[in-house]
1. Which residue, 86, 111, 61, has the largest displacement toward the positive end of the dipole of the range 31-131 when charges sit on each Cβ (Lys, Arg +1; Asp, Glu -1)?
2. Fully extended, how many nm does the chain gain between residue 92 and residue 217 (0.36 nm per residue separation, minus their Cα-Cα distance)?
3. Peptides 97-110, 232-245, 11-24: what's the order by average Cβ count within 10 Å, highest mean first?
4. Give me the number: length gained by fully extending residue 197 to residue 75, i.e. 0.36 nm times residue separation minus the C-alpha to C-alpha distance, one decimal in nm.
5. Please report 9, 94 as a ranked list, fewest other C-beta atoms within 10 angstrom at the top and most at the bottom.
6. Sorted by average packing, counted as other Cβ atoms within 10 angstrom per residue and highest first, what order do 32-44, 64-76 take?
7. Report the local net charge at residue 116: Lys and Arg +1, Asp and Glu -1, summed over other residues whose C-beta lies under 11 Å from its C-beta.
8. Based only on Cα atoms, what Rg/Rh ratio does the range 17-86 have, Rh being taken as Kirkwood's radius?
Amino acid sequence: MSRQEPGRYRSLFISDVHLGSRGAQAELLLDFLRHNEAETWYLVGDIVDGWRLKKGWFWPQAHNDVVQKLLRKVRRGARMVYIPGNHDEFARDYAGHSFGGVEVMESAIHLAADGRRLLVIHGDQFDVIVRHARWLAFLGDWAYETALLVNAHFNRARRLFGFGYWSLSAWAKLKVKNAVNFIGDFEETLAAEAQKLGVDGIVCGHIHHAAIRRIGAIDYLNSGDFVESCTAIAEHADGTFEILRWQTVLVQQSEAAAAPEPAAA
């Protein structure tokens, strides 16, 4: 796919953008929005970081541009469903309403092209820490923000030496036993909820860990985040799903553009 040929999908799911925080990758998200189209867009929570904005206002032009770009897609005929998460829980008060054509819902049922019914929900409702120990969730949020700041300086140095992006928090999630156990428990809990509700699968966000996997009889899909991983879930016209890793796509396109032209025969 070239930068001039946008990806066209039946549906796209993005979550954990955290507009209003310094960690948000608004420019990368704008690039993603410019080069991808879908009949239906799902904003699967934590699009705006209300927690961070309460502590201090941070809203550069690029963050406003993201909102305007999303609204422009609605005006051009795309359906857009906004399912608030814990960081933008203020929007849950408006569930059932539509703003600028954006439908606000607590959760949604997505009917895939192949007939599967997928529950779309942010997922914080099934996070014990968020539900029962909000002070600990805020502490974890502070630690994550600090890790992002350290990671930004570290990756600036890596670029100077010609190395690619490396995520400290993603590495920790896969290496630290408690984090691995948390991810596994979260995935199992949401799969169990989907089975209880009689749907075929679930699409969520919240834990910033993109995945598509089968858990028992349930399809579990997590859109990841657009802070570090810059991932989304895409549904193709035939009902198949894939993880789009936008940073990887940009690196591949950059390498392809820099590659020398083959010598003429």
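Any read-out appearing in this document is the output of simple, stated calculations on the displayed coordinates, not a laboratory observation. Quick caveat, the model's predicted, so the values are computed rather than measured. Note: ideal-geometry Cβ built from the backbone for every residue, glycine included; neighbour counts use all protein chains shown.
1. 61
2. Values: separation 125, 0.36 × 125 = 45.00 nm, distance 3.01 nm.
Working it through step by step, the gained length comes to 42.0 nm.
3. Working: 97-110: 15.1, 232-245: 17.7, 11-24: 25.2.
Put in order of decreasing packing, that is 11-24, 232-245, 97-110.
4. Full extension of this stretch gives 40.6 nm more.
5. On the way: 9 22, 94 13.
Going from least to most buried by this count: 94, 9.
6. Details: 32-44: 20.8, 64-76: 14.7.
Result, highest mean first: 32-44, 64-76.
7. Residues near residue 116 contribute -3 overall.
8. Details: Rg = 12.2 Å, Rh = 12.6 Å.
On the Cα set of the range 17-86, Rg over Rh gives 0.97.
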